[in-house]
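The structure appears below as C-alpha cells.
The values are calculated or read from the model by the stated rules, or taken from the named source; none is laboratory data. Keep in mind that what you see is a predicted model, and the values were worked out from it rather than measured. Here the Cβ positions follow ideal geometry from the backbone for every residue, glycine too, while neighbour counts run over all protein chains shown.
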Amino acid sequence: MQKESASNDGNLPLYLFHQGTNIKAYDFLGVHKTVQDGKECMVCRVWAPNAEEVSVAGDFNDWQQGEYPMEKISDGVWECILPFVMRQYQTYKFCVVGADGKQTFKSDPYAYHFETRPGNASKYYDIEGFNWSDTAWMKHKAAKKHYSQPVNIYELHIGSWRRYPDGNVFSYDKLADELVPYVKNMGYTHIELMPVTEHPFDGSWGYQVTGYFAPSSRYGEPKEFMSFVEKCHKAGIGVIMDWVPAHFPKDECGLARFDGTPCYEYSDPRKGEHKEWGTLVFDYGRNEVISFLISSAVFWLEKYHIDGIRVDAVASMLYLDYSRKDGEWVPNRNGGRENLEAVAFLQKLNESVFELFPEVMMIAEESTSWPMVSKPTYCGGLGFNYKWNMGWMNDMLHYMSLDPIYRSFNHDNITFSFFYAFSENFILPISHDEVVYGKRSLIEKMPGDDAQKFAGVRAFMCYMMAHPGKKLIFMGTEFGQRNEWNYEQGLDWLLLNKPEHQVLNDFFRSLNHFYLETAALWEVDFSWEGFSWISNDDYTQSVIAFRRIDKTGNEVIAVCNFLPVQRAPYSIGVPFEGIYTEIFSSDSAEFGGNGITNGSSIHSSSKPMHGFEQSVELILPPLSVIFLKCRRKARTPKKSAAITKTIKITRKAAKK
C-alpha cells in the first residue's frame, strides 16, 4: 500500500514529476536534508517503478542492504528517512531488487557528486551556500543579446588542455588560473567544455554520462567548479557545456535497467539501443524521463550559472533509423522515420529553459538538413537558438585539404554555404571531432610544404571569421598543434618554443581581436542585410570577394585567394567611390607571410565591375585573405536641368 510523502510539500513535485513537468526534480528526488519531528535527518527518494524492493546503503552502515528500506509513495517513486544527517562526501547507493529478482547497487541518478573512477558510488554533497559574485556578468548577459554580439568559442577538454609535468590533470581551480587569462588574452568570448558531467570511462570523452547532475570529480568538487565558472564570468568569458540527452552507457551502476527492466531507456532495442556506440537511448515518451532530462539542463543553468548548453548528437535523437539498417528500426505512428517523441522533448526542453533563462544559448549539434532547428517552437521549429553548421565544416575541410590544382573543380565548397547561411542561426565549428581518428589536425590537413600549411591555416581562419555565423575552434588549433588530439595527454605546448608556431599563435590573437573590434563581422550574422556578394564565380583562379555590413551600414570587404599563386593586378567591383585601405591581411610579414600589401591608399576608379560603378585594382598574395575598408568620397549631387535654368535666370536678374 502506498503512503503519503514524508515531506509536507511532496505531493505537488511528485505529481509534476509523473506529468513530465517537474523541471526542477533535483529538489525533490535524490538525497536531501530535511526536518522530521523537530530533528534534522535525510530524506531519500528514487524512481524505480518496477522494483520489488529498494533500500539505501552506504559507508554509514557498512553497505548493509535492507537496514534502511524505502517505501513507495507513488506509482514508481520510493522514499525513506535516514534518522541522521549525512556528512559531506559520505558515499551511498540505492540497493534495488529488480523485477527480475536481481539485486543491484545503483548510483543516485540525481546525485550532485560522485566518487572518482574507478569508484562509482554517489557522494552526499551540499551545493548550497556558494557566494556568487558574478552579478555584473549576469546583468551584461541579459542586456547584450548574443545574436548581435561577437561569439568566438574556444572548445576544450578539461583533462587534456594542459597537465602537470607528471601527467596529472589540472583541478578546476588550477584550470581557471591557467585557462582564463589565456583565453581572455587570445580574444575568445566563450569557452565550451566537452562534457563535464560525471562519466566512468575516460575514453568516452564524457559523452557517456552516469551523473547528469554532477561535475566530474576527476577535477575537484562541485563548488570548485562553481568557482571556475565565476572566474570565467569575472573575466568576461561565457561558459558553454556539452550535454548528452541522446544516450547513456550500460554500466551496471548507472541508469541502465534501473529497476530490473528498461526504465530510462526504450524497452524495444530497435529504439532503445545504439549498437554502434554500445549505449542505450532515453525513452522520450516517458514523462518521468522528460522530467529527469529537462531538470538536468535547468540544474546547470540555475546552480552553476552556465551560459549555454550544446546538445550533443541531436540527429541521433531525431531519426528512428539513425545508424540502423533495414529491419533494425521501428517506424513512427505515421510510418515515417522521425522520432516524434524526441521532437516533442526537444521543443519542450527549449521552451522550459527559455522561460526561466531567456538569455541562455541553446545549441544543437545537428548534422542533417532537418528544418527549422533554430526557429521557435510556435512556428514548428525545434526551438534552439543556434545550430552547428556541419555542412559548411565538411565542405571547407574537404576543400582546404585538396591539392590546390583541384580546388577550381570544387569551387562550390567555398560558396555553397553562403546560399543557405541564413536558413538557421549557425555556428561555424572546427571541433574536436575533426582532429581525431585519422582526420589529422587542422594544420596537417593543409597540403604543401610548411610555409603553405601555415598560410593555408591563416587564410582559412580569416575566411571563417568573415563568413556569416558565430565561430568555434578546438583547443590547440590556435598554435598549430600537429598531432591529433589525445585525451590522455596535454596539448603540445612546447611547440610555442618554435618561432613559426609562436607566430601562428600571435596571428590567432590578432585575428580574434580584429574580429571583436569589427562589428561588420558579427553584428548582422543571420540575415542578408549583413552580407552581399561582390564576386563568387572566379573558380578558375579560386578567388571570391564579398561584403560584411553592420547595423549602421559600416562594412568590410573580404577578398580570398585560395591558390598559392599571386594575382596582380586583380580587380573587383566596389560599392563606393573613395579610398580603400587594407586593414588586415593573412599574408602580413608579422604573421609569417610574404608581407605583400596593398597599403592604405587604394583609389577606386570609375571602371564598372561586378554590378558596381566603381572598382579597385589589388595585389592578392598567394593563399591569403585581405580585408578592405573604404573612406568614402562625398559626392556632389548632379544638378537637374530645371535647377540649372533657374540659377541662370536668377543671375541675369541680379546683374540688371
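Points to keep in mind about this one:
- Test: residue in the stretch 363-375 that is among the hydrophobic types (A, V, I, L, M, F, W, C) and more than 22 Å from MET194 (Cβ to Cβ): yes
- Subset tally (residues that are out of contact with any Ser or Thr (no Cβ under 8 Å at 6 or more places or on another chain) and not polar (S, T, N, Q)) for the stretch 204-235: 13
- Pair list, Cβ < 8 Å and 6+ apart or interchain, from the stretch 19-47 residues that are buried (at least 20 other Cβ atoms within 10 Å of the Cβ) to residues that are among the acidic types (Asp, Glu) and assigned to a strand (DSSP E or B): VAL43/GLU79; CYS44/GLU79; ARG45/GLU79
- A search for C-beta distances below 7 Å between a residue of the stretch 267-284 that is within 21 Å of ASP326 (Cβ to Cβ) and any residue that is aliphatic (A, V, I, L, M) and surrounded by fewer than 20 Cβ atoms within 10 Å (Cβ to Cβ), counting only pairs 6+ apart in sequence or on different chains, returns ASP268/VAL330; ARG270/VAL330; LYS271/VAL330.
- Failed condition for GLN502, given (1) more than 21 Å from the chain's Cα centre (by Cα); (2) under 30 Å from PHE526 (Cβ atoms): (2)
- Inspection of the stretch 180-203 finds a residue satisfying the criterion of being over 20 Å from the mean Cα position of the chain (by Cα), at pLDDT 95 or above, farther than 29 Å from TRP277 by Cα and surrounded by fewer than 19 Cβ atoms within 10 Å (Cβ to Cβ).
- Filter result for ILE405 (more than 22 Å from LEU511 (Cβ to Cβ), at pLDDT 95 or above and over 18 Å from the mean Cα position of the chain (by Cα)): yes
- Only one of PHE416, PHE384 that is assigned to a helix (DSSP H, G or I), aromatic (Phe, Trp, Tyr) and at pLDDT 95 or above: PHE416
- Residue within the stretch 301-313 that is buried (at least 21 other Cβ atoms within 10 Å of the Cβ) and in a helix (DSSP H, G or I) present: no
- Meets criteria (of a type in the set (Gly, Ala, Ser) and either assigned to a loop (DSSP other than H, G, I, E, B) or under 15 Å from the mean Cα position of the chain (by Cα) (or both)) for GLY391: no
- Among strands (runs of 3 or more DSSP E) entirely within the stretch 462-575, having at least 2 residues that are crowded, with 20+ Cβ neighbours inside 10 Å, in contact (Cβ under 8 Å) with a residue 40 or more places away in the chain and of a type in the set (A, V, I, L, M) singles out 470-474, 543-549, 555-561, 567-574.
- Residues considered: SER291, SER296. Of these, the only one that is out of contact with any Cys (no Cβ under 9 Å at 6 or more places or on another chain), under 16 Å from TYR207 (Cβ atoms) and in contact (Cβ under 8 Å) with a residue 60 or more places away in the chain is SER296.
- Residue match in the stretch 157-169 (condition: farther than 30 Å from LEU255 by Cα, of a type in the set (Asp, Glu) and without any contact (Cβ under 8 Å) to a residue 40 or more places away in the chain): yes
- Filter result for ASP108 (of a type in the set (D, E, K, R), under 30 Å from MET361 (Cβ atoms), surrounded by 21 or more Cβ atoms within 10 Å (Cβ to Cβ) and touching a residue at least 40 places away in the same chain (Cβ under 8 Å)): yes
- Condition met for TYR110 (closer than 25 Å to ALA297 by Cα, touching a Phe, Trp or Tyr at 6+ places or on another chain (Cβ under 6 Å) and assigned to a loop (DSSP other than H, G, I, E, B)): yes
- Which listed residue, of ILE427, ILE414, ILE405, is of a type outside the set (S, T, N, Q) and touching a helix residue (DSSP H, G or I) at 6+ places or on another chain (Cβ under 9 Å): ILE414
- Taken over the stretch 314-334, the criterion of being among the hydrophobic types (A, V, I, L, M, F, W, C) and assigned to a loop (DSSP other than H, G, I, E, B) is satisfied by LEU320, TRP329, VAL330.
- Filtered residue count, the stretch 307-322, keeping only those that are out of contact with any Gly (no Cβ under 7 Å at 6 or more places or on another chain), farther than 16 Å from PHE282 by Cα and not β-branched (Val, Ile, Thr): 1
- Inside the stretch 166-214, residues that are within 27 Å of ASN152 (Cα to Cα) and assigned to a helix (DSSP H, G or I) make up a count of 16.
- Among (1) of a type outside the set (S, T, N, Q); (2) out of contact with any strand residue (DSSP E or B) (no Cβ under 9 Å at 6 or more places or on another chain); (3) farther than 30 Å from PHE526 by Cα, the one test that TYR89 misses: (2)
- When the stretch 145-175 is filtered for residues that are basic (Lys, Arg) and touching an Asp or Glu at 6+ places or on another chain (Cβ under 9 Å), the ones remaining, listed by number, are LYS145, ARG162.
- Taking the listed residues LYS39, LYS123, the one that is of a type in the set (Lys, Arg) and touching a His at 6+ places or on another chain (Cβ under 6 Å) is LYS123, with no other qualifying.
- Taken together, the residues in the stretch 228-269 that are small (Gly, Ala, Ser) and under 21 Å from the mean Cα position of the chain (by Cα) amount to 4.
- Of the residues making up the stretch 68-84, those that are surrounded by 15 or more Cβ atoms within 10 Å (Cβ to Cβ) and either farther than 27 Å from TYR15 by Cα or among the hydrophobic types (A, V, I, L, M, F, W, C) (or both) are MET70, ILE73, VAL77, TRP78, CYS80, ILE81, LEU82.
- Residues that are among the small types (Gly, Ala, Ser) and surrounded by 14 or more Cβ atoms within 10 Å (Cβ to Cβ) within the stretch 137-158 comprise just one, SER148.
- Among the residues of the stretch 113-136, the ones that are within 22 Å of LYS303 (Cα to Cα) and crowded, with 21+ Cβ neighbours inside 10 Å come to 5 in all.
- When PHE345, PHE409, PHE354 are checked against the criterion of being outside any loop (DSSP other than H, G, I, E, B), surrounded by 20 or more Cβ atoms within 10 Å (Cβ to Cβ) and out of contact with any Ser or Thr (no Cβ under 9 Å at 6 or more places or on another chain), PHE345 stands alone in meeting it.
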